[in-house]
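Read the figures in this text as sums done on the coordinates, not as results from a lab. Since we're looking at a predicted model, the values are computed, not measured. No Cβ is skipped: glycine too gets one built from the backbone with ideal geometry, and neighbour counts run over all protein chains shown.
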Amino acid sequence: MDEKEHHPSTRAVDSVRSLWTQMLSAKNSPEVAPNGLLEACATQEKLARFSYEEEQIFPLALNTLKAAAEVLVERGGWASFDQLRREVYASSLPVLQAKRKAKRSLGSQLRDLREEIEVLRTRNQYLLRGRTTLLSAYADAIRMLRESRATSPQLVEKLREHETRFDVRKQMEEVEASDAKSENA
């Protein structure tokens, strides 16, 4: 060790003991490792910052981690501890790659869903414009019939029945309200 020897606290040694145990388990079964441990094994610094309170593993300064490993690991001290870290990371690469792929897949799914929403929003706008045009044309046709009703008494009665059955103004107001809602969405 350095000229000035570092004596870790009991808490630090206990934390490193729990970390050692978790790394041994993770080496054989990386898929059941505590959340974040596999990623933390990538570097010494990340491992020193790793915490898992359920197992009494707390973040430590790197020098404290090294000193505690020297005290704790009978064969090889820190060198053995660091070797185990590397082995855990190497054995966890397939699991980490699968996690990254799943995250990318979720990102791709999200992007696809956003694109689909945009397509549906555009289609909805097109349909709303078509409906508005159709109702406007219908309102024009009714207006023209009203203007020409003086020429045909039968037309007056048919137009009155039709207007009673279909309230175009109310339908136009509903369309405009629906258009305004979809534009704000």
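Miscellaneous remarks
- Projecting label points 7 angstrom from Cα along Cα→Cβ for S178 and E116 puts them 2.3 nm apart.
- Normalising the average separation of contacting C-alpha pairs (under 8 angstrom, six or more residues apart) by the number of residues puts the relative contact order of the chain at 19 percent.
- Distant-in-sequence amide H partners of Y52 (H built 1.01 Å from N, under 5 Å): I57, F58
- Farthest toward the positive end of the dipole of the stretch 26-185, out of L37, S80, V175, is the Cα of V175, where the dipole comes from beta carbon charges about the Cα centre.
- Listed residue (L135, S148, V119) projecting farthest to the positive dipole end of the stretch 110-184, Cβ model: S148
- Kirkwood Rh and Cα Rg combined as Rg over Rh, evaluated for the stretch 110-184: 1.23
- Placing unit charges on the Cβ atoms of the charged side chains and taking the dipole of the chain about its Cα centre, the candidate lying farthest along the positive direction among Q109, L47, N63 is Q109.
- Normalised by 2.2 N^0.38 Å, where N is the number of residues, the C-alpha radius of gyration of the stretch 10-105 stands at 1.04.
- In summary, the aspartates and glutamates within cross-link reach of K181, defined as a Cα separation below 13 angstrom excluding same-chain residues under 8 places away, comprise E173.
- For V73, the amide hydrogen comes within under 5 Å of no other amide hydrogen, counting only partners 5 or more places away or on other chains and with H modelled in the peptide plane.
- Evaluated with a Cβ-only charge set (Lys, Arg +1; Asp, Glu -1), the stretch 110-184 carries a dipole of roughly 180 debye about its Cα centre, given to the nearest 20.
- The local environment of P59, defined by Cβ-Cβ distances under 15 Å, has a net charge of -2 under the rule Lys, Arg +1 and Asp, Glu -1.
- Translational diffusion coefficient of the chain (Stokes-Einstein, Kirkwood radius from Cα pairs, 37 °C, 0.692 mPa s): 143 µm²/s.
- Neighbour-count ranking [beta-carbon atoms within 10 angstrom, fewest first] of I57, I142, I117: I117, I142, I57
- Cβ-to-Cβ counts within 10 Å put Y126, Y52 in ascending order as Y126, Y52, the fewest first.
- Using only side-chain charges placed at the Cβ, +1 for Lys and Arg and -1 for Asp and Glu, the dipole size of the chain relative to its Cα centre rounds to 680 debye.
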